[in-house]
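One structure below.
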Amino acid sequence: MPAALAVSGLVKRYGRVEALRGVDLAVEEGELVGLLGPNGAGKSTLVKIACGLVRPTQGGAEVAGAPAGSHAALARMGYLAELFRFPGWYSADEVLRLHQRLSGSTGGEAERTRLLELVALAEARDRRVEEMSKGMQQRLGIAQALVGEPRLLLLDEPTSALDPVGRRTVRELLESLRGRGISVLLNSHLLSEVELVCDRVAILLDGAVVTAGTPSELARPRGVEVETDEGTRVYADARRDDAPRIVAELVAAGRRVYGVSVRTSTLEEVYLDAVGGETS
């Protein structure tokens, strides 16, 4: 089975400006990939090419084996923009009905009911958008992106305007989608959210992928921290395999050991190293 999204040798030039410089990226079935990078790194251009809104200068992109922008590709993907707006006078059910017509979905009422239940909006089916909280609107946006049972979701900052409870709700929703085999490319500046939910991360800088891998692969060791009866001490040069030896030496010296933790770099630290401190 082809990847939900496959990008190969992607180059995009706007005159003398090279927005993408040979990007390779794949999102496999049921995989949640975080796309990170400062403003101007090329994230939006990559997403627009995947949606078929922009044509690449070189290289190509495929959605579930179909060329990006083709009818077959569009039928297999869903998209939620960062600054989306639904008509305030529409109900949740009417929003989904509109997008069923736009996408050509034949799922009817059964599909709308299933999607509203999936995003925990079944009780708000007839509520107007203008009466919904930001979190409810965000979940409705994800529901409309799922109309037509796409294999791939492209989500642009889906939790940026939400409070911690709202972000957790959306994060749990994304995890449930992964369990259903739906692939997600998540464009976000909230590194802590990406670290919690994404299987892999790709960091773009100046139109190129500078770092990619799972959060654990990207993490670097930062020593071993040991809590004893004399306080907490960090062995900055130590690694995981050094922990038993350190504990044994402390016990032999008469110290009581209450806790040991292996320290690794956070995704934020990995990101800052990759982009050289550039702001987003």
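Readers should treat all values here as calculations from the given coordinates under stated rules, not as data from a laboratory. Nothing here was measured: the structure is a model prediction, and the numbers come from that model. Neighbour counts run over all protein chains shown; Cβ positions are idealised from the backbone, glycine included.
Of the residues GLY104, GLY37, GLY148, which exhibits the maximal mean-square fluctuation in a Gaussian network model of the chain defined by a 10 Å Cα contact cut-off?
Looking only at GLY104, GLY37, GLY148, the biggest GNM fluctuation is shown by GLY104.
Hey, what number do you get for the chain at 222 nm if only DSSP H runs of n ≥ 4 count, each worth -39500 (n - 2.57), divided across all residues, to the nearest 500?
Details: 10 runs with 95 residues, N = 280.
Theoretical 222 nm ellipticity from helices: -10000 deg cm²/dmol.
Under 13 Å from the Cβ of ARG97, count the other residues' Cβ atoms, weight Lys and Arg +1, Asp and Glu -1, and hand me the total.
Values: positive: ARG101, ARG112, ARG125; negative: ASP93, GLU94, GLU109, GLU111, ASP126.
Local charge sum for ARG97: -2.
Just to check I understand the Karplus step: with θ = phi - 60° and J = 6.51 cos²θ - 1.76 cosθ + 1.60, what whole-Hz values come out for region 116-121, glycine and proline as x?
5, 5, 4, 9, 6, 10
Karplus couplings for region 164-181 from phi (6.51 cos²θ - 1.76 cosθ + 1.60, θ = phi - 60°), rounded to Hz, Gly and Pro as x?
x, 5, x, 5, 5, 4, 5, 4, 5, 5, 5, 5, 5, 5, 4, x, 8, x
Classify region 117-168: rounded, prolate or oblate, from the alpha-carbon gyration tensor (a ≥ b ≥ c, eigenvalue square roots; a/c under 1.5 rounded; otherwise prolate if a/b is larger than b/c)? Please report the intermediate quantities before stating the final value.
Working: a/c = 1.92, a/b = 1.11, b/c = 1.73.
Oblate is the answer for region 117-168, as a/c is 1.5 or above yet b/c matches or exceeds a/b.
Multiplying the sequence separation of MET1 and LEU102 by 0.36 nm and subtracting their Cα-Cα distance, what value in nm do you get? Before the final figure, lay out the partial values.
On the way: separation 101, 0.36 × 101 = 36.36 nm, distance 2.74 nm.
Extra length available between MET1 and LEU102 comes to 33.6 nm.
Apply 1/(1 + (r/R0)^6) to the Cβ-Cβ distance of SER8 and TYR258, taking R0 = 41 Å, and write down the FRET efficiency to the nearest 0.05. Can you show the working numbers first?
Numbers: r = 52 Å, r/R0 = 1.26.
Working from the Cβ atoms, E equals 0.20.
Dipole of the chain, Cα-centred, from +1 at each Lys and Arg C-beta and -1 at each Asp and Glu C-beta, to the nearest 20 debye?
The dipole magnitude comes to about 660 debye.
Name the long-range amide H neighbours of GLY78: under 5 Å, sequence gap of 5 or more, or other chain; modelled H, no Pro or chain starts.
LEU152, LEU153, LEU154
Pick from PRO158, PRO244, PRO87 the residue whose mean-square fluctuation is largest in a GNM of the chain, springs joining Cα atoms under 10 Å.
Comparing PRO158, PRO244, PRO87 in the GNM, the peak value goes to PRO244.
With the chain treated as a Gaussian network of Cα nodes joined by springs under 10 Å, which of LEU36, LEU102, LEU190 yields the largest mean-square fluctuation?
Judging by the Gaussian network model, the answer is LEU102.
Between GLU117 and ARG180, what is the label-to-label distance in nm when each label sits 7 Å out along the Cα-to-Cβ direction?
Each label point is offset 7 Å from its Cα along the Cβ direction, giving 1.1 nm.
Round to the nearest 0.05 the FRET efficiency obtained for ARG245 and THR57 when R0 = 51 Å and r is the Cβ-Cβ distance.
Numbers: r = 55 Å, r/R0 = 1.08.
Efficiency, rounded to the nearest 0.05: 0.40.
Under a cut-off of 25 Å between alpha-carbon atoms, report the lysines in cross-link reach of LYS12, not counting same-chain residues fewer than 8 places apart.
LYS43, LYS48
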